[in-house]
Each structure stands twice: as C-alpha cells, then as structure tokens.
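Notes for the one structure printed next.
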Amino acid sequence: MAGTKKDSGLKQRYVFPFVVLAPLIVLYILFVYYPLGYSIWSSLHLWVIENPLKSTFVGLRNYIELFTANPRFSKAFSNTFIYVAVKTALVIPMGLLFAALLAHLRRGQRFYIFAVFLPALCTPAAIGVLFSYLFQTRFGLINHILKTLLLQPQPFLNSPKQALYCVIAVDSWAFVGLTTLIFYAGLLNIPEVFIEAAKVDGAGKIRSFFSIKVPLLGHSILFLSIYTIIIAFQTFDFLFVMTSTGSTGGSSGGPGISSYVMSLLVYNEGMLRGQVDRATAVATIMLFFVLLFTIIQFKVLRPKWEY
Amino acid sequence: MKRLLFKGGIVVCVLLLIGFAFVLIAGGKKDGEKPGKEKAVELTLWCMAFDPHVDGFNLVIDKFSKDHPNIKVILEPQPGQAEMTSKIRSSLSAGKGPHAFTTTGTTIMEWAIPGNILPVTPDIMSVAEAKRDLLPENILQCQLDGQVWAIGIPDSPGDLGLAVNVDHLKEAGLPMVGKFDDMDHMLKYAKAMSLMEGGKLSRSGLSFQEPNDPMFFYSFIVDQGGQFWDNDTQKFTLQTPEAKKALQFVHDIFFKYNLDSTELPDTMTAMGQNLCSMGFIWSEFVYFAGLIYPDLNFEFIMKPSFSGKKPAVFNHTDTWNVVIPAYVSGAEKDGLVEFLKFLISEEGQLTFLEDGYIGLSPVKSVTLENDFFRTGPAKSMAPVIEAMKKGSLMYYGPFISADIMLYDIMWPIINDVIHDQISVNDALAKMEKDLNEANARSLEKYPDSPKTIIDWDGLDL
C-alpha cells in the first residue's frame, strides 16, 4: 500500500510537468521543430515548389554550390559578417557611452532617455523610408548639409560602396537606444559602495568607470553582444526598404548585389523566385552561425565579475 | 491536493488539445457543397495591383456581369509582381488560391509541367483557334503537350521604345515624333533634354535604369544580326561582338554620352520626380503615369534600330496571361470558362482598353486591324504594329527561370556595369556563365520542359 502511494507520488512528480507542458511541446513541434526539420530536408533537395513530390534528393549539393558557385551568396555572406561586426562595434560602445553620460546627468534624465530610446520604438520600415529620403542624392537633407558645409555630396544609397554602410548607420542609430537603456539600468544597479571604495583607493572617474563599472556590467555586455549579433545576423527590414531597386520584378539588395545579406537572399530566393532549396540552405547556414556565435560568446565572454 | 492538481492539469491539457484540434479542423478546406449550375457562382481572380490591369479587369467584369448575373467575378489585386508570383506558387502548392490568376508568361511552364494548372484548350478555345486568332508569342510561351495553358490580356512588348516627358521636349524646342529614325536621332533628343548642374547631370536625357531593361540589351544584339542563344547547344552565347557593342552602348550612356547617372534614381522614379526626360521603359508606363502623376505629361516614342542594318526588333517574352488553377471544376469551372471566353473575345479585349490603356491585345484582329491602334487612343502604337507586320516582333524563350535570369542575373550585372564596377567584357563572361548555370539548374528541376528554340527571323503574323 505504502509502495503504491510512493509510486503515485513519483508519477505525479515526474509525469505532471510533462503533462502540463504537453500543449506547449505540441505547439513547438508543430510550429518550430517540424518546420525546421522540413526546411533542412528541403535544402537537401532540388525542390520543386509547385509539386514537392517531384523533388530530387541531392545531398549537400545546394550548400556546396552556394559556397563555390554563387556570387550572390558570397556577397551576402561577407556583407552579413560586415554588418554584424560594424553594428556590434557601434552600438555596444555607443550605448555604454550614452548610458554613462545619462548616469552623470543631474536633471532631465527621463527626457534624454526618452529621446535616445525613441527611435527603437519606431517601425524599421518607417525609419527606412524616412532615411531613404534623407540619403537621396539630389534632394536629400544630408547632402544639402554637406553642400552647406562645402563638403562633397555623396551618392549614399546609389553607391555600391556606400549603400550597405548607410543602412548599418541607420540601423545602429535606431538600435542604440536599446543598448543605452539596458546599460543605464545596469549602471544604476551598481552599489555605490564599490565606487566609494575605489575613490578611497584613489581611482578617478575614468579609472573607476573602466575598472569597476564596465566589469560589473559584464552580464549586460554579454547579453547585448549576443542579442546584437543575433539581430544583426537576421537583419532584413532596413535593407529591404532602403535598397529596393526599380519598379518591376527587381529585388532589394542593390545597387546590383552590393548590399545583399543572407536574410535578404533567403527572401529573394525563397519568396520571390521560388528557389526554396537554395533559400532553406542559406537559412540553415544562418542558423548554424547564430548558434555558433551564441555558444562561443557564452563560453568565452562569461563575465568574471559578479556582485 | 497534488492529485487534484494533477487531474486538473490533465483536464486542462486535454481541453487545450481538443481546442487546438478544432482550430486546425476549422481552418481546413471547406469543400462542402459545390454550387450547381442554377446557383450563383462566385469566382476569384487575382491580378497584379497595377492600375492599368485593375482598371481593365474591372471594366471587363462590369460588362460580363450584365449578361451573366449569376456569375460573380471578384477581382483581388495583389501587390508587387514578384510577391504576387510567390503568392501564387504557395497557393498552388497548397491546393488553394483563386480560381484564376494573371501571371507573366515566363512563369507558365513552371506550373504547367508539374500539372498545377489546367489548359485553356479546348474549353475556352481550341489549339487551332488559338493559333489562328492569337498573336504567336502568346502561344509559344504557353504551349506544352499539345495544349495551350493561358490566354492573354492587353500588354505590349517590354522593349518597344521610350517614354518621353513632352514638357521637356517642348522646353528643348524639339518636335514630338512617333519613332526615332536612328540612334543619332535619339541621342540628339536625349542630349537636348539633359540638364547639368555644377558639372553633374541633374536631369537624365536617356535613362537606362529599369530592371526590365536587359530586354532592350537582348534586342540590341539581335537587330545587329547577332544571337545570344545557341539553338543547337541550348546555351547562352554572350561573348560576341554584337553583345559587346550592345553592352558598351549601355555603358556609354553613363560614361561617354553623360546622359544618365547612377546618382539619379531608377527610370520610373526619376520620371515621376522630373529627374528624367526620356527613358527606356515599357510603353504602359505612359498610361500608368497619367494616373499617378497627373501633372506630368508623357508620350511614347518607338525606339530606333540599334545597328541601322535591320529594322529595330522588339520582343514580347513576358506577356501577361490569365491562367486557371488545376483544382477548378464543376459549376466554378463552367463560370470561369464563360468569363475567360468573354475576356479573350474582341469585345472583351476592347473593353479592357476602354479607359485608354494602350497595351497591345493578344487577339490578332484587335491589334492588327482595329482602329483603336491606328487612329484611336492608342495611335502611338501604329509604327509598332507596322514593324510587327514586317517581322520585328521576337520571342526569346521559353526559359523556365526567366525571372531569375532577368532580375537576379542580367540586371544586377548590368547595374555593376553602369556603376563602373566591372568591365563590359567581364560582365558578358559573367552573365553568360550565370545564365547557363541558372538554365541548367532549371532544366534539372523540370526535365520535361520544352527545348528553347528562338526564331531569329522574327515571328510570322
């Protein structure tokens, strides 16, 4: 009798969580893992979108072709890494700087936080359209300012060399509000006693910022670096809106293919051209890199300071 | 307490699963009853959200509905050419979607080969009637296994000529012409209308920045007597003197003649923003611009022969067609057949054009004989029709992945040329390689696709 009660207790302890989680697991299987598996499976085929039963299994051929014989993928691949590197290198230090400045403000902190965070609340498509006009070569405000300052006007989005960087700049401008806010919250949470102790030891403001505050913000830096890398890897909206070329069937990512990134390639191949096999192969490569970066960052950038 | 919680949890989970199953079932296909002949039939038709097409279809539907009150045709315009195509692909593979849809002819084979669509023959017209009554390119691009798979709506060859801003023409003191006599004539007009500001071009006199412009490049090759496709080897051959001359001209528009600049927007945008006086663009732009830029005044001028050796040629490789999906049957199919029969009739085609849209009709008698294109609202097409009768009309296809070739290979490479990122020779080599690879891949996916045999002497009307 006692044994039966014990068994029943064990069953409740171990089975109950699974029962409660069952609907969620079902949803995850249906809407995450099954599509993911199907996507990887289709990337191993020459996929006939109109009739998948007529698709041919080709193993890793789609992947090999992407790396060896697809100039658009090569461009998208390198551009994605440039995008990730530049955006991360911009928004993390800038967010930290803005947060430090905000923390030093005696008055009007709320207004400045709101001002810095506001772009992060706006729709990327709206920001993209707005900046497309600002970057307009002939009528754009930015070139107007350059001309007023007697500087050479720039082609910006019309230049294969500048288009990608213009988009990164706009994306970073919109994103830096978020990093600022999180760093600011992190700075406010640092116990004053550490700063006081550093002062007693003779540390100045800059020294205590880099030797006390920055290390203590390790968790926030780690989180925001991972988050920025993942978001930048998947970037789509700004590029889609700002590099749209032409009126008929052309795709975004121009001029030419100069500002293609992997997510844009997934969209163009899969959604516009029906090349599901290639699109899913690119998506799988993206997934691999995002996972890889997440693992590396968790291992390497684990904060050494905790409080 | 734990037991109670456990049982409660199970009940909640079961209820959630049942609820979820209901949602799935409710979202499923409702095949239920199919309307009998005596019942009213509702048909959905997708067309691109392009004003000339939407306006034309609305006129046709209005007229058709008066004689067929029990057949209701609901027009559902879809945004974007490429986005619409992808939506059709998904709906066809899911077995859902509209009863009929318009598409570029370049995509028809892609759906006809796996059997996703129904042929229009013999119900709407027989193959013999199609060959007799329709312009040849409309059959060439959608004929498979002895059947024709689509009927067309009015639409002109994409590389007929140029749209010109008439006010800029007057400003430059130039008379309006129906066609340019030769390339020098065209360049003279372009130079006279270009504007410079601070040593830079501020208004283009001859814009070549439209993703569809590679079609002009193809025809420049052909009217020199060249070929870009080998009918025997079934491969692209772009490293030829003719192709080099054609692409060099495109390069020269920007860097020698200084008639266009990549600092200016694409042709369509530039025309709308008064930054371009004349540009290589599809002729329907003139009607379209009349709707969206009512303050601007555009007209159409037929392009000159590129080489001067032969008359200018133009190609109608991406006609806009109406296609029926495979799952339509019973009363719905009967209703659809009635509607499409009306659409492809002379009356239906002229109704489509009633608002002044000047797309050439796929119906021979309408385009070649009707006064609409001689003395009526579309009289600017008269020189084009005369040229068509003399063998200027070409058909470059069918190619299964024509959109990929045009928009993902040719236009980006030409774009690199006009941005001075690649030499003309390298561009041609790259284009040839990429086009052949894309074609080989498509043929591997669709092994039953027909061979591509291009008639270099032009289509016989």
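The values are calculated or read from the model by the stated rules, or taken from the named source; none is laboratory data. Computed from a prediction, not measured in an experiment: that's the story for all the values here. No Cβ is skipped: glycine too gets one built from the backbone with ideal geometry, and neighbour counts run over all protein chains shown.
Of all the helices (runs of 4 or more DSSP H) wholly in the range A:1-89, which have at least 3 residues that are surrounded by fewer than 18 Cβ atoms within 10 Å (Cβ to Cβ), hydrophobic (A, V, I, L, M, F, W, C) and at pLDDT 90 or above? Before you say what the answer is, go through the steps one by one.
On the way: elements: A:2-28, A:34-43, A:61-69.
The qualifying helices (runs of 4 or more DSSP H) are A:2-28, A:34-43.
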Across the range A:45-84, what is the number of residues that are facing chain B (nearest Cβ under 8 Å) and among the acidic types (Asp, Glu)?
1
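Looking at the range B:63-77, is at least one residue within 29 Å of A:Gln275 (Cβ to Cβ) and away from chain A (no Cβ under 14 Å)? Steps first, please.
Start the filter on the range B:63-77 by keeping residues that are within 29 Å of A:Gln275 (Cβ to Cβ), which leaves B:76-77.
Pick out the ones that are also away from chain A (no Cβ under 14 Å) and you get B:76-77.
Yes: the range B:63-77 contains one or more residues that are within 29 Å of A:Gln275 (Cβ to Cβ) and away from chain A (no Cβ under 14 Å).
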Can you pull out every residue in the range B:73-109 that is among the hydrophobic types (A, V, I, L, M, F, W, C) and in a helix (DSSP H, G or I)?
B:Ala82, B:Met84, B:Ile88, B:Leu92, B:Ala94, B:Ile108, B:Met109
Enumerate the helices (runs of 4 or more DSSP H) found wholly within the range B:204-291, keeping only those where 3 or more residues are modelled with pLDDT of 95 or more.
B:214-222, B:241-255
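To keep it simple, each residue is scored yes or no on (1) touching a helix residue (DSSP H, G or I) at 6+ places or on another chain (Cβ under 7 Å); (2) aliphatic (A, V, I, L, M); (3) closer than 19 Å to A:Pro255 by Cβ.
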position: B:Phe236; (1), (2), (3): yes, no, no
position: B:Thr240; (1), (2), (3): no, no, no
position: B:Ile253; (1), (2), (3): no, yes, yes
position: B:Thr262; (1), (2), (3): yes, no, yes
position: B:Asn274; (1), (2), (3): no, no, no
position: B:Glu284; (1), (2), (3): yes, no, no
Is it the case that B:Asn415 is under 30 Å from A:Pro155 (Cα atoms) and at the interface with chain A (Cβ under 9 Å from one of its Cβ atoms)?
yes
In the list B:Asp371, B:Asp460, B:Asp355, B:Asp420, which residue meets the criterion of being more than 30 Å from B:Val177 (Cβ to Cβ) and modelled with pLDDT under 95?
B:Asp420
What number of residues within the range B:153-179 are surrounded by fewer than 22 Cβ atoms within 10 Å (Cβ to Cβ), under 27 Å from the mean Cα position of the chain (by Cα) and part of a loop (DSSP other than H, G, I, E, B)?
2
Among what's in the range B:240-262 and is acidic (Asp, Glu) and crowded, with 18+ Cβ neighbours inside 10 Å, pick the residue that is nearest to B:Asp230 (Cα to Cα).
B:Glu242
Scanning the range B:390-435 for residues that are under 13 Å from A:Arg72 (Cβ atoms) and among the aromatic types (Phe, Trp, Tyr) gives B:Tyr407, B:Trp411
Select from the range A:85-105 the residues that are of a type outside the set (A, V, I, L, M, F, W, C) and in contact (Cβ under 8 Å) with a residue 60 or more places away in the chain and write down the one among them that is nearest to the other protein chains (Cβ to nearest Cβ).
A:Lys87
Considering each of B:Phe220, B:Phe208 in turn, give the residue that is among the aromatic types (Phe, Trp, Tyr) and in contact with a strand residue (DSSP E or B) (Cβ under 9 Å, 6 or more places away or on another chain).
B:Phe208
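B:Gly376 - would you say it is out of contact with any helix residue (DSSP H, G or I) (no Cβ under 9 Å at 6 or more places or on another chain), farther than 14 Å from B:Gly152 by Cβ and of a type outside the set (S, T, N, Q)?
On the way: out of contact with any helix residue (DSSP H, G or I) (no Cβ under 9 Å at 6 or more places or on another chain): yes; farther than 14 Å from B:Gly152 by Cβ: yes; of a type outside the set (S, T, N, Q): yes.
Considered against the rule, which asks whether it is out of contact with any helix residue (DSSP H, G or I) (no Cβ under 9 Å at 6 or more places or on another chain), farther than 14 Å from B:Gly152 by Cβ and of a type outside the set (S, T, N, Q), B:Gly376 comes out as yes.
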Taking the residues in the range A:64-110 that are within 20 Å of the chain's Cα centre (by Cα) and β-branched (Val, Ile, Thr) as candidates, determine which candidate is farthest from B:Met431 (Cα to Cα).
A:Ile92
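How many residues does the range B:145-155 hold that are more than 23 Å from B:Val54 (Cα to Cα) and at pLDDT 90 or above? Break it down stepwise before answering.
Filtering the range B:145-155 for residues more than 23 Å from B:Val54 (Cα to Cα) gives B:145-148.
In the following step, the residues that additionally are at pLDDT 90 or above were identified as B:146-148.
Number of matching residues: 3.
Residue by residue, here is whether (1) at negative phi; (2) at pLDDT below 85; (3) out of contact with any helix residue (DSSP H, G or I) (no Cβ under 8 Å at 6 or more places or on another chain) holds:
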site: B:Pro52; (1), (2), (3): yes, no, no
site: B:Asp62; (1), (2), (3): yes, no, yes
site: B:Val73; (1), (2), (3): yes, no, no
site: B:Ser93; (1), (2), (3): yes, yes, no
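Filter the helices (runs of 4 or more DSSP H) completely within the range A:197-296 down to those with at least 1 residues that are in contact (Cβ under 8 Å) with a residue 60 or more places away in the chain and within 24 Å of the chain's Cα centre (by Cα).
By residue number, A:218-233, A:237-242, A:262-266.
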Within the range A:119-164, restricting to residues that are without any contact (Cβ under 8 Å) to a residue 12 or more places away in the chain and closer than 21 Å to A:Leu264 by Cα, the one that is nearest to the other protein chains (Cβ to nearest Cβ) is A:Gln162
Does B:Glu354 satisfy being farther than 30 Å from B:Lys235 by Cβ and free of Cβ contacts under 8 Å to residues at least 24 places away in the same chain?
no
Considering only the range A:183-236, how many residues are crowded, with 18+ Cβ neighbours inside 10 Å and charged (D, E, K, R)?
1
